[in-house]
1. Please sort by residue number the GluC sites (Glu not before Pro) in the range 136-207 whose DSSP state is loop and whose Cβ has at most 15 other Cβ atoms within 10 Å.
2. With a ≥ b ≥ c the root eigenvalues of the C-alpha gyration tensor of the range 6-61, is it rounded (a/c under 1.5), prolate (a/b larger than b/c) or oblate?
3. For a quick check of your reading of the filter: which trypsin sites (Lys or Arg not before Pro) in the range 179-255 sit in a DSSP loop and have no more than 13 other Cβ atoms within 10 Å?
4. How many angstrom separate the Cα center of the range 94-129 from the Cα center of the range 62-78?
5. Which of rounded, prolate, oblate describes the range 109-221, given a ≥ b ≥ c as roots of the alpha-carbon gyration tensor eigenvalues and a/c under 1.5 marking rounded, otherwise prolate only if a/b is larger than b/c?
6. Find out how many positive minus negative residues lie around residue 231, taking Lys and Arg as positive, Asp and Glu as negative, among other residues whose Cβ is under 11 Å from that of residue 231.
7. Considering the zone a paramagnetic label at residue 144 would reach in this model (a point 7 Å from Cα along the Cα-to-Cβ line), which residues of the range 111-132 have amide N under 19 Å from it?
8. Pairs of Cα atoms under 8 Å, at least six residues apart: use those to get the relative contact order of the chain, whole percent.
Amino acid sequence: CRRRRAHRDDGIDGGGERNAYWQMYASPKGVIHLSWVWRESPDAASNHDIAYAVSHDGGTTWQRAEGMRYELPIRHATAGYAIRIPEKSDLINQTSMTADSEEHPYIATYFQATTDTCPQFYVIHHLNGTWKASRVSNRKADFDLGGTGTRSLPVSRPQILYGEGKGNPRLFVLYRDDEEGGGVRLATSVIDRMQWSATNLTTASLGRWEPTYDTELWRTEGVLHIFLQRTGQGSGEQAVTMAPQRIAVLEVSPN
């Protein structure tokens, strides 16, 4: 994490005091959805809050989810927040987001809420004019997201996908969790219920694998192809000795 002074025409300005870790989703209609986590220092434990902005004109102007237009640049005090999460909540930065056919945004992340005993996966979503948080997982194993540099963690960042299905829109959250064997795990929920069920798609551990998939194949054909390779990762940019690992593509039928 490097603090920087933003130019006057920057979209997000940390004011030289904090950094914004952002992610973006561009819908088929050309709407740009943007969300970000603020970090106060190089320590990952200083991650906090999830802010949101949307643009309907290719990034020229930006609005809150409620439709109020932003004055650029967006700062900590002027940002519209999907959810307020304090520092030291094991909030991960830069995960993924999507939107449904009506441009309602969905943000996948993990953090430890005040009612949780350990970090959990969540989907933060905007429906019927309000932001809500839906807990995806039911984890039991605790860990601490803190320190500088890269972190070797027992869970991956999640990927979130939206699918129409057979006229029954639903969400898919793809992730790795060592507590569940360390393989590919897929959670699903019908959007109007937000009741999650999860299953392991593989049995062998993939080490520190982070989920990636063929985004264009999913967008154009609704077919899910997941890239697989067992990987290693040490904390603080430490190298891990590992023999060459086989590459594979896992083909999944969302139905």
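The values are calculated or read from the model by the stated rules, or taken from the named source; none is laboratory data. Since we're looking at a predicted model, the values are computed, not measured. Cβ atoms come from the backbone with ideal geometry, glycine included; neighbour counts cover every protein chain shown. Just the protein is used for accessible areas: all its heavy atoms, side chains included, with ligands, DNA and RNA removed. Shrake-Rupley method; radii C 1.70, N 1.55, O 1.52, S 1.80 Å.
1. Within the range 136-207, the qualifying GluC sites (Glu not before Pro) (loop, at most 15 other Cβ atoms within 10 Å) are 164.
2. Here the range 6-61 falls in the oblate category.
3. Passing both the DSSP loop test and the Cβ count: 193, 246.
4. The distance from the Cα centre of the range 94-129 to that of the range 62-78 comes to 20 Å.
5. It is oblate, given that a/c is not under 1.5 and a/b is not larger than b/c.
6. Net charge around residue 231: +2.
7. 111-114, 116-120
8. On the way: 614 pairs, mean separation 29.4, N = 255.
Once divided by the residue count of the chain, the mean separation gives 12 percent.
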